[in-house]
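**Q** Take this structure, written in structure tokens, and hold onto it; I'll ask about it next.
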Amino acid sequence: MKIKYIVMAVALLSAGQAAAQETYENAKIAGEDLNGTARYVGMGGALDALGADLSTISSNPAGIGRFRKSKIEGTVGVVSQANAADYPHGDATKVSFDQLGGVWALRSLDGSSFLNVGFNYHKSRNFNLILSADDQFGRSTSDGTLYASQNKLTYMKLNNGLICPMDGEGRIYMEDAYISCNQLDDIYVKNLLYAAGDGERYFYEANNYDFDRAHKGYIGEYDFNISGNINDRVYLGVTMGVHDVHYKHVGDYTEFILPNPEEIAKLNVYDEREITGQGVDVKLGAIVRPVEYAPLLLGAYVHTPTWYDLTTSNYTEVSDGKTTVWAEDSYDYKIYTPWKFGFSAGYTVGKQLALGAGFEYADYGNIKTRINDGGGYMFYEYYETSHNDENMNEHTKLTLKGVSTVKVGAELKVTPEIALRAGYNFSTAMYNKNGFKDGSIQSNGSYIASATDYTNWKDTNRFTLGFGYSTGKINLDLAYQYSMVKGDFYPFMSYTDNKYYDFDNIANGVEVNNKRHQVMCTLGYSF
């Protein structure tokens, strides 16, 4: 096979401000961790009916109505990824500021009801993760071994009419970009696949690859709550949340090329992406005591979508060891997360034992990506409009699915001052095991993509332990959480060519995992 090496070039793309994001990137923003006060984490998050914990402000707002005294609390911790590969751009262990808030309890004149006002910050998402994978390409066919590569994927898309139209000199008509034309496709087509001399196109094949990426950042959630306690039988609450997104990843993907006349040993793709922005949501909750004076409590809550306005920027470069080609872009977009519903129960035995359980459901296939249309002024006020990215939303429905979360926990008061806690938190997989990042979708989310890899994460298991000590108005709580999730990593989507026999580009899945240890400490003061 004839091969052409990379020539020196600079590729600048500009998809404009009317851009939407891609399913796998959106799923990172929509997901949540188990985090908050050490008591909440130590009981696996199973406090949605028991309440009287600041972390319930973001799950069941009615839980704030269970406070009888005013209180302030703050939480810090350490998060460590087990067995993380050594990667200079990421930290396997990091200190984390997880929670800070308070509640002001206002007793009614008759002393039987309360009106509480609360505020709480907590880190709803910790993105810290070092993800590493490597694998061999190549499978036996009737004509020999069939290899694969990332740039071969671009070649096949181009060969099947799934790349933006080009002129005779190999320049892509960006103004007519109605099908896939992402940054990597643009770089490969202009500098690797296109030979202006004879009009033919070529690609490299690889026999194996290495991948490393460090994910960093967090989503900070600021919750404002009003809740009520009616005669110690009915508790109602509403919370408005503001979500602050800070996400960044830095990664290297290297393909080791088969022997070729140009003696190109490998191709490396270096990729940086940053996502920032804000979102808002509203949460409604209720807790009832169905039998007066009985220790049983039942809870229910509903969360609206989080309406995010986000900005993402990225830098991508491809190098063959001799020359480097780069591209960068920045754009604004919107995503709306799905509705969330939860039900819970709590039971106490005297003042010694508290038991909690809960169930939560959200259909992440209903995440909506939206394309910004721009804005203007009406009566001296600025407005902005957007519309659904229908093609990407259809891909999201096929790729993501409903997630069910089960929470169980217990707290035992060994003495009036000392409490022991344990919990378990389980979430089903958000990703369809057959899902893939489809770079051929006619969507702005495909046009501005700078990486082809994706991971289909599976079920998440979280095991927790906790310890509490209180004396007078001060409480000190400790918690330990071990979370574990496995996934299948793919460097790019597999592609079966329908034009030419035995000319496929297949990438097998590689098992990866995220095993995380978290230790946290909460200090509180009641008044």
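**Q** For segment 417-436, which positions are within 19 Å of ALA479 (Cα to Cα), surrounded by fewer than 21 Cβ atoms within 10 Å (Cβ to Cβ) and in contact (Cβ under 8 Å) with a residue 40 or more places away in the chain?
**A** GLU417, ILE418, LEU420, ALA422, TYR424
**Q** Of all residues in segment 83-100, how many are open to solvent by 20 Å² or more (accessible area, probe 1.4 Å) and in a loop (DSSP other than H, G, I, E, B)?
**A** Number satisfying all stated conditions: 8.
**Q** State the number of residues belonging to segment 437-469 that are open to solvent by 40 Å² or more (accessible area, probe 1.4 Å) and farther than 30 Å from ASN388 by Cα.
**A** Of the residues in segment 437-469, 4 are open to solvent by 40 Å² or more (accessible area, probe 1.4 Å) and farther than 30 Å from ASN388 by Cα.
For every residue, the table says whether it meets (1) at pLDDT 75 or above; (2) farther than 30 Å from ILE275 by Cα.
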position: VAL95; (1), (2): yes, no
position: GLY101; (1), (2): yes, no
position: LEU106; (1), (2): yes, yes
position: PHE119; (1), (2): yes, no
position: ASN126; (1), (2): yes, no
position: ASP135; (1), (2): yes, no
position: SER142; (1), (2): no, yes
position: ASN151; (1), (2): yes, no
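**Q** Applying the selection to segment 335-350, what residues are within 30 Å of ASP185 (Cα to Cα) and either open to solvent by 20 Å² or more (accessible area, probe 1.4 Å) or without any contact (Cβ under 8 Å) to a residue 40 or more places away in the chain (or both)?
**A** Within segment 335-350, just TYR336 meets the criteria.
**Q** A further question follows. Whether any residue in segment 286-294 is β-branched (Val, Ile, Thr), open to solvent by less than 10 Å² (accessible area, probe 1.4 Å) and either modelled with pLDDT of 95 or more or in contact with a Pro (Cβ under 7 Å, 6 or more places away or on another chain) (or both) is what I want to check.
**A** Yes: segment 286-294 contains one or more residues that are β-branched (Val, Ile, Thr), open to solvent by less than 10 Å² (accessible area, probe 1.4 Å) and either modelled with pLDDT of 95 or more or in contact with a Pro (Cβ under 7 Å, 6 or more places away or on another chain) (or both).
**Q** Of the residues in segment 129-161, how many are open to solvent by 30 Å² or more (accessible area, probe 1.4 Å) and either charged (D, E, K, R) or under 24 Å from the mean Cα position of the chain (by Cα) (or both)?
**A** The qualifying residues number 5.
**Q** Further, regarding this structure: ASP33 passes all but one of (1) modelled with pLDDT under 95; (2) open to solvent by 20 Å² or more (accessible area, probe 1.4 Å); (3) not β-branched (Val, Ile, Thr); which number fails?
**A** Evaluating ASP33 over (1) modelled with pLDDT under 95; (2) open to solvent by 20 Å² or more (accessible area, probe 1.4 Å); (3) not β-branched (Val, Ile, Thr) leaves (1) as the failure.
**Q** Could I ask something else about it? Cβ contacts < 6 Å: first residue under 30 Å from GLY279 (Cα atoms) and aromatic (Phe, Trp, Tyr), restricted to segment 246-261; second residue open to solvent by less than 20 Å² (accessible area, probe 1.4 Å) and not in a strand (DSSP E or B), any location; separation 6+ or different chain. Result?
**A** TYR247/PHE127
**Q** Still on this structure, I have one more. Within segment 481-506, how many residues are open to solvent by 80 Å² or more (accessible area, probe 1.4 Å), at pLDDT 95 or above and among the aromatic types (Phe, Trp, Tyr)?
**A** 0
**Q** I'm trying to understand the selection: among the residues of segment 245-278, which are touching a Gly at 6+ places or on another chain (Cβ under 6 Å) and either at positive phi or surrounded by fewer than 16 Cβ atoms within 10 Å (Cβ to Cβ) (or both)?
**A** HIS246
**Q** Same structure again: Would you confirm whether any residue within segment 202-214 is modelled with pLDDT of 95 or more, open to solvent by less than 70 Å² (accessible area, probe 1.4 Å) and out of contact with any Asp or Glu (no Cβ under 7 Å at 6 or more places or on another chain)?
**A** yes
**Q** Within segment 208-241, track down each residue that is among the hydrophobic types (A, V, I, L, M, F, W, C) and farther than 27 Å from SER80 by Cα.
**A** Once the filter is applied, which keeps residues that are among the hydrophobic types (A, V, I, L, M, F, W, C) and farther than 27 Å from SER80 by Cα, segment 208-241 yields PHE224, ILE226, ILE230, VAL234, LEU236, VAL238, MET240.
**Q** Among all residue pairs at least 6 apart or on different chains, which show Cβ distances below 7 Å where the first residue, located in segment 501-527, is under 21 Å from PRO491 (Cα atoms) and the second is among the β-branched types (Val, Ile, Thr) and buried (at least 17 other Cβ atoms within 10 Å of the Cβ)?
**A** Within 7 Å, the pairs are VAL512/THR455; ASN513/VAL485; ASN514/VAL485.
The values are calculated or read from the model by the stated rules, or taken from the named source; none is laboratory data. Note that the structure is a prediction, hence the values are computed from the model and not measured. FYI the Cβ positions are ideal-geometry reconstructions off the backbone, even for glycines, and counts take in every protein chain you see. Accessible surface areas use protein heavy atoms only, side chains included; no ligands, DNA or RNA. Shrake-Rupley method; radii C 1.70, N 1.55, O 1.52, S 1.80 Å.
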